[in-house]
Structures are given as structure tokens and as C-alpha cells.
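Participant: Sharing a structure with you now.
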Amino acid sequence: MTNAPRWRVDCIVGARPNFVKIAPIMRALRSDGRFDVRLIHTGQHYDVAMNDVFFQELAIPAPDINLEVGSGTNTEQTARIMLGLEGVLAADRPDMLVVVGDVNSTLAAALVAAKLLVAVTHVEAGLRSGDRTMPEEVNRLVTDRLADLLLTTEREAEVNLIREGIAPGQIAFVGNVMIDSLRASLERARPVRETLEAHGASAAFLDAVKEGYGFVTLHRPSNVDDPATLGGILAALSDISRDLALVFAVHPRTRATIAANGLSTLIEGGRILATPPLSYLQAVGLMREAKLAITDSGGVQEETTALGVPCITVRDNTERPITVSEGTNALVGSAPERIRAAAGEIARSGGKRGRVPEMWDGKAALRVVEHVAAFLLRRGC
Ligand code: UD1
């Protein structure tokens, strides 16, 4: 009898939300003696604040391979990842490739594996916004079409997949690995004051925050690439900040539009603290104690639902409907008056409290691993 691992599994990461999702999966796979695991980083996100800090705080092992593709158009990024990954997988074929979420790295890796006849598991399968103007929606549709094992975060995702012709036997409901990371990190989350001081908050801002604050993130191309749209949203934030101090973690994409169009004047005035991208433990610490969040991030919609913090989503649709039907989320679109009205409503009523969805229990990654093992056994690997 040998103790050598039985199956070779490669996990792919590329962009910030992937790191939060892969951390518990890597931990569960590596502590299970049946697997020999490699972590492959595409290099889609590379800044220290968007990348290194997440690896450190989430205790993700250093990638075994980094393709270092960097930024570019969606097509450039996807193509470069495919070219780099093809060589890696062809030289050293795993039994299974695990991809998470919906970023360009997810799609590119699923395509390469499908062409090389390597089995693909998609974690966070079946989410649909119905909005193909979002690059992520195309990534989700194609990744799910190609995946062999589709693991879902909410029950509606299975309905979507079956409607698209995926066989029920390929699908399993496992819960939400992003919430595994959240729960595992709550104790280590950074204190609010420490984070604000680290980002240069004035004494007046620290004083204002004692009355409560809102947490803001914006990075969807549809909200931040067009200066008129972004300007409208920032004007709404400025109005809201008269009643509620705001901490605005500014994504590089958003920062670029603000800088190129002189929009920073819209958020000056002392009641909005604009920071660079925050570390994971800083973001969790701020989110947990916020009176509300204003965001267009998929992850923040889910995290605020898990934390019971009211969330105003600056989009017309969401691929995560359970955050609206059960959680604390409200979809308001990007019209400034609707964002203002939603914040006013939360100020009056305290906002939705919601409940934590089924199987967002901190154990999703263990279920991922069991389904991967069962799949490989069925395959006779
Ligand atoms: C990507 C994902 C999105 C996810 C988001 C989280 C796709 C299609 N989009 O969007 O789903 O919600 O990550 O952040 O995959 N940049 C830096 N440093 C970095 C990375 C990016 O400065 O480390 C800048 C570059 O100018 C780049 C821009 O940000 O052009 C956008 O980066 P990119 O990876 O193309 O997409 P995101 O907007 O981050």
C-alpha cells in the first residue's frame, strides 16, 4: 500500500476575487492526501495591493507557475493566458483543472483544458445576470458549457444550468467558498480605525466616522469607464456623504477614469476618504461595521449578505439573485437619484437585514473537494 497521492489537480487563479475563492479550496485539497495540487497564476492581477497582499493574508501558497500575462483588452488577456497555459498543461497533464468565478482567467483556462481533454471543475457555476454586455457573463456561459463538473453557490444556478442543457448529474450545490474565506477571516479582520489611519484619514474624518460610515467600491466598466456615468455616481456619493461619511476603496480602473477626467473634485470636501485598493482583512473589517455598502462588485454583494449589512448595488441586474431575495442587497442601477434615494431609505429604516443563504456556512471548500474526488473516481482515474 502506497501513500502517494492518487490524483493530480491544477487550480487556476488570475484576478483578485479568484484569490479569495481559491484560498479555502487550496487548503482543503492540500490537507487531503489523495491530491497532488499545483497552483497556476495567470498574472491577470499583479499589483502588490491587488495580488501579493491577498496571498499573504489568505495564506495562499505561492503559485507553482505564474504566466505573468498582465493587463490588456479582454481578448488580449484571454489569448495570452491560453497560449501560456497550453504549454504548461500539455507538458504536465493534470487529472483535473479547477477554475473559480467568472474572470477572463477562468474562461481562458477552461478553454485550454477542454481542448487538451483535461477535465474541468467550475466552482461558482450557473450564475447568470442575463446581461451579455458584461465580459463576465460571456465568461460564465462559455466556462459552464465546457466544464465537466459544475459546483454551485445557490439553487437558482442549477435551474439556469439545466435550462441551458447541462446534465443534472454534472451539477452539485456546494455553497459559497467566498464565505468560507470570510468566516475564517473575521477574527483577524483589521480594526476600522487602524485602516482609516493607515490611509491618511484626517482627525475630522475619524470623528465623523464615529456616527457611522458607508463602504464604497466601484469597478465595473459600465460604471467607471465612461466619465459622464462615473461623474454622476460620484456626485451621488458626494450628496450621500453629507449625512454619512464614506470610505471609498478606489480600483485602478476607476482611478484611471477619475484622473484622466479631473473627477476627483467631486469627492473632495472631507467626508469621503478615497483609498487605494484595500487588503482583504482591511476590507472585511470595514464592511462588517459599515451602516451600508455601495458597490458594483459581485463579491461585496455576497459578503454584505453574509454579514447582514445593507447593500446598494449600482447595477440593473445581478447574477447573484439570492443576495436580493434572501440577503441585504438592493439593485438600484447607476442613476444618481436612485443611489441617493436608496441611501436615504437605509438611513430612515436601517435597511434590509436579510438572512444568510443555505450552505453559506464556511464549509463549501470541503464539499468541493468531495465532489472532485467522487468525479475522479467515477472517471476511473
Ligand atoms: C477583473 C475582472 C472582474 C473582477 C475584477 C476585480 C474580467 C473580465 N474582469 O476586472 O470580473 O471583478 O477583476 O478587480 O476578468 N490594473 C492594475 N493593477 C492590477 C490589475 C489591473 O493597475 O494588478 C489596472 C490595469 O490598468 C488594467 C485595469 O486595472 O487595465 C483593469 O484590470 P483587468 O484585469 O483588465 O480587469 P478588472 O477591471 O480588474
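No lab work stands behind these numbers, since they all come straight from the coordinates. Not measured: the values here are computed from a predicted model. When we count neighbours, we look across all protein chains shown, and the Cβ atoms used for this are built from the backbone with ideal geometry, even at glycine.
Participant: Give me the distance in nm between label points sitting 7 Å out from Cα along the Cα-to-Cβ direction at Ala228 and Asn317, one decimal.
Facilitator: Using points 7 Å along Cα→Cβ, the separation is 2.3 nm.
Participant: Rg and Dmax of segment 128-227 over Cα atoms: what are they, in angstrom?
Facilitator: Computed over the Cα atoms of segment 128-227, radius of gyration and Dmax are 20.0, 58 Å.
Participant: Viscosity 1.567 mPa s, temperature 4 °C: Stokes-Einstein D of segment 189-233 from its Kirkwood Cα radius, in µm² per second?
Facilitator: It comes out at roughly 102 µm²/s.
Participant: Please report, in debye to the nearest 20, how large the charge dipole of segment 187-349 is about its Cα centre when each Lys and Arg carries +1 at its beta carbon and each Asp and Glu carries -1 there.
Facilitator: Dipole about the Cα centre, nearest 20: 140 debye.
Participant: Asp36 versus Arg348, label points 7 Å from Cα toward the beta carbon: distance in nm?
Facilitator: Spacing of the two 7 Å Cα→Cβ label points: 6.4 nm.
Participant: Could you tell me, in Å, what Rg and Dmax come out for the Cα atoms of the chain?
Facilitator: Here Rg and the maximum Cα pair distance are 20.6, 70 Å.
Participant: Along the charge dipole of segment 222-357, which of Gln282, Ala260, Ala347 sits closest to the positive end, that is, farthest toward it, with unit charges on the beta carbon of Lys, Arg, Asp and Glu (+1, +1, -1, -1)?
Facilitator: After comparing all options, I get Ala347.
Participant: Two-decimal Rg/Rh of segment 221-354 from alpha-carbon positions, Kirkwood Rh?
Facilitator: Taking Rg over the Kirkwood Rh, I get 0.93.
Participant: Taking amide H positions as placed 1.01 Å from N in the peptide plane, with prolines and chain starts having none, which residues 5 or more places from Ala125, or on another chain, fall under 5 Å of its amide H?
Facilitator: So Ala125 has HN proximity to Leu151, Thr152, Thr153.
Participant: Label-point separation (nm) for Arg6 and Glu194, each offset 7 Å from Cα along Cα-to-Cβ?
Facilitator: Between Arg6 and Glu194, the label points sit 4.3 nm apart.
Participant: To continue, here is another question. Quick one: which of Lys210/Lys291; Lys291/Lys363; Lys21/Lys352 span more than 20 angstrom between C-alpha atoms?
Facilitator: Those over the limit are Lys291/Lys363; Lys21/Lys352.
Participant: Another one. Divide by every residue of the chain the summed helix terms, -39500 (n - 2.57) for each DSSP H run of at least 4, and state the resulting mean residue ellipticity at 222 nm, rounded to the nearest 500 deg cm²/dmol.
Facilitator: Calculated from helices alone, the mean residue ellipticity at 222 nm is -13500 deg cm²/dmol.
Participant: In whole Hz, with x marking every Gly and Pro, tabulate ³J(HN,Hα) for segment 103-120 from phi via Karplus 6.51 cos²θ - 1.76 cosθ + 1.60, θ = phi - 60°.
Facilitator: 8, 4, 4, 4, 5, 4, 5, 5, 5, 5, 4, 4, 5, 8, 6, 9, 5, 10
Participant: OK, next. Comparing Gly351, Gly165, Gly43, which has the greatest mean-square fluctuation in the GNM of the chain with Cα pairs linked when under 10 Å apart?
Facilitator: Highest fluctuation among the options: Gly165.
Participant: Would you please give the FRET efficiency between Asn66 and Glu164, computed as 1/(1 + (r/R0)^6) with r the Cβ-Cβ distance and R0 = 22 Å, to the nearest 0.05?
Facilitator: 0.10
Participant: Got a sec? Which residues in segment 213-241 would a label at Thr73 touch, if it sits 7 Å along Cα→Cβ and we count backbone N under 19 Å?
Facilitator: Only 221-222, 225-226 fall inside the zone, counting backbone N under 19 Å.
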